[in-house]
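Reading through the structure tokens given below for one structure.
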Amino acid sequence: MTVTRTFSIIKPDATRRNLTGAIVKMFEDNGLRVVASKRIHMTRAQAEGFYGVHKDRPFFGELVEFMISEPVVVQVLEGEDAMNRNREIMGATNPADAAEGTIRKAHALSIGENTVHGSDSDENAAIEIDFFFNKDEIVG
Ligand code: ADP
Ligand code: MG
């Protein structure tokens with residue numbers, strides 16, 4: 001295994017409930033390092049672009065409205081096999097299916113308001129990191 005990077009978003013349901021630190025602690029306790037972080041209020045154009053892969057899904061409109069409803073924290077996480085490790089720490093999309101000890105089991109409100117985003121492949125991680133960060137904002 002090698003050290004890689006992945007992209008994470010702490011979603012509006014979490015920033016609203018002041019859970020940013022609690023979520024970062026779960027990353028850090030499970031072998032991931034935050035190497036870039038910023039709190040932003042996503043524009044509609046950013047949310048629609050970022051989630052473009054889901055544009056034909058029935059929940060797309062709801063997802064975009066949710067992601068622009070409150071601030072989010074976008075982050076780059078680094079560690080051994082960071083993308084898969086982050087997906088493990090996050091838990092299943094639907095909190096009803098998420099394993100004990102995962103972020104979504106502990107904090108998610110619903111399948112939509114599910115607290116965190118994480119890239120689903122190394123290729124998408126690189127694309128998503130580029131979507132929100134300049135190279136000089138990432139300090140490993
Ligand atoms: P994940 O975030 O686990 O990678 P997906 O990529 O399938 O999940 O979906 C992206 C996001 O869209 C989810 O995290 C969730 O916020 C939202 N979403 C997915 N499925 C539904 C659904 N059935 N109803 C409402 N929102 C959904
Ligand atoms: Mg996904």
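What follows is calculated from the coordinates using simple rules that are stated; it is not laboratory data. The shown structure was predicted, so the numbers you read here are calculated from the model rather than taken from an experiment. All Cβ positions, glycine included, derive from the backbone under ideal geometry; neighbour counts span all protein chains shown.
Annotation: residue 4 fulfils all but one of (1) surrounded by fewer than 21 Cβ atoms within 10 Å (Cβ to Cβ); (2) under 14 Å from the mean Cα position of the chain (by Cα); (3) in a strand (DSSP E or B); the unmet one is (2). If you filter the stretch 67-106 down to residues that are without any contact (Cβ under 8 Å) to a residue 60 or more places away in the chain, within 12 Å of ligand 1 (Cβ to nearest atom) and β-branched (Val, Ile, Thr), you find that the one that is nearest to residue 40 (Cα to Cα) is 93. Residues in the stretch 47-66 that are out of contact with any Pro (no Cβ under 8 Å at 6 or more places or on another chain), of a type outside the set (D, E, K, R), within 8 Å of ligand 1 (Cβ to nearest atom) and in contact (Cβ under 8 Å) with a residue 24 or more places away in the chain: 59, 63.
For the stretch 9-21, a residue qualifies if it is of a type in the set (A, V, I, L, M) and part of a loop (DSSP other than H, G, I, E, B), and exactly one does: 19. Of the helices (runs of 4 or more DSSP H) lying entirely inside the stretch 22-140, those carrying at least 1 residues that are loosely packed, with under 13 Cβ neighbours inside 10 Å are 44-50, 60-67, 122-132. So which residues in the stretch 107-119 are within 14 Å of ligand 2 (Cβ to nearest atom) and closer than 17 Å to residue 47 by Cα, if there are any at all? Passing the criteria: 112, 114, 115, 116, 117, 118, 119.
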